[in-house]
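Read the figures in this text as sums done on the coordinates, not as results from a lab. Remember, it's a predicted structure, so these values are computed and weren't measured experimentally. In this analysis, Cβ positions are derived from the backbone assuming ideal geometry, glycine residues included, and neighbour counts consider all displayed protein chains.
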Amino acid sequence: MHVQSRPLSANALLQGPVDVVLIAHGYLPDQANCQDDLPACQGALAINGISPVLFAEAFAQSMALNRQGTLAMIGSVAGDRGRQSNYIYGAAKSLVARYAQGLQHRFSGTNIKVVLIKPGPTDTPMTAHLKAQSTNLATVEDVAKQIVTAVDKGCAVAYTPGKWKYIMWVIVHLPNKLFNKLKI
Ligand SMILES: NC(=O)c1ccc[n+]([C@@H]2O[C@H](COP(=O)([O-])OP(=O)(O)OC[C@H]3O[C@@H](n4cnc5c(N)ncnc54)[C@H](OP(=O)(O)O)[C@@H]3O)[C@@H](O)[C@H]2O)c1
């Protein structure tokens, strides 16, 4: 991928200060396909990881100039620990998470808030195939409400639904010996 070297210019495109930005694009790539097809893998990393970061960086520049704003990004519980079933998507979401963490550090003590949302499986077009497999999915309405609350409060990290904070704590802390036996 070639990214042209030019100064970031989100501020030039905007009419005035931005209060809230929600970066929410992404797609669930087929893990097996990413393993077999490097361009597909590159696309999955670019759309789910690099692109959200570049959008965020452009808005961060604008918010820094205006000394205010809330920048929210949708990561995923998939970014918390690499798993065989979706580690390319997880790696991209992990990039978003580490980036958001750095931005929070950069803007600490300012009026700029950076919010990282980590949804669990949610009933959207992205997961239509999971619904067919009767996977338990959160409703869009519940997740959306929790995102609005997290953005209003300027939470650093918000798992939604909240139970995923505890589920992922367990997943992240499982010793490798045990974790590597799981087919997840
Ligand atoms: N649903 C879940 O279980 C779940 C769980 C964790 C995290 N997330 C994250 O939540 C966010 C929203 O996803 P969603 O579940 O609401 O899925 P969605 O309904 O499929 O929405 C995904 C959005 O991303 C856009 N998008 C996808 N690929 C794109 C591309 N190449 N270029 C530009 N835009 C693109 C889509 O645009 P078009 O409508 O134009 O295609 C759509 O607006 C994503 O970041 C996703 O990774 C979802």
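Quote to one decimal, in nm, the extra length available between Lys131 and Thr110 on full extension: 0.36 nm per residue of separation minus the C-alpha distance between them.
3.4 nm
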- line: For segment 82-184, whose charge dipole is built from +1 on Lys and Arg Cβ atoms and -1 on Asp and Glu Cβ atoms, the candidate among His173, Tyr159, Pro121 with its Cα farthest towards the positive end is His173
- prompt: Once both labels are modelled 7 Å past Cα along the beta-carbon direction, what's the Trp169-Leu38 spacing in nm?
  reply: 4.2
query: What span do the alpha-carbon atoms of the chain cover on each of the three principal axes, reported in whole Å from largest to smallest?
result: 50, 37, 32
Partnerless Cys - the chain, beta-carbon criterion under 4.7 Å: Cys155
query: Helix 87-106 versus the longest principal axis of the chain: what is the Cα-based angle in degrees, 0 to 90, to the nearest 10?
result: 30
query: Here are some pairs, Lys153/Lys183; Lys118/Lys183; Lys131/Lys177; Lys113/Lys165; Lys93/Lys145; which of them have Cα atoms lying more than 25 Å apart in this structure?
result: Lys153/Lys183; Lys131/Lys177
query: Relative to the longest principal axis of the chain, what angle (0 to 90°, nearest 10) does the C-alpha long axis of helix 140-153 take?
result: 40
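I want the antiparallel fraction of DSSP beta bridges within the chain, as a percent rounded to 5.
Details: 0 of 15 bridges.
Around 0 percent of the beta bridges assigned by DSSP in the chain are antiparallel ones.
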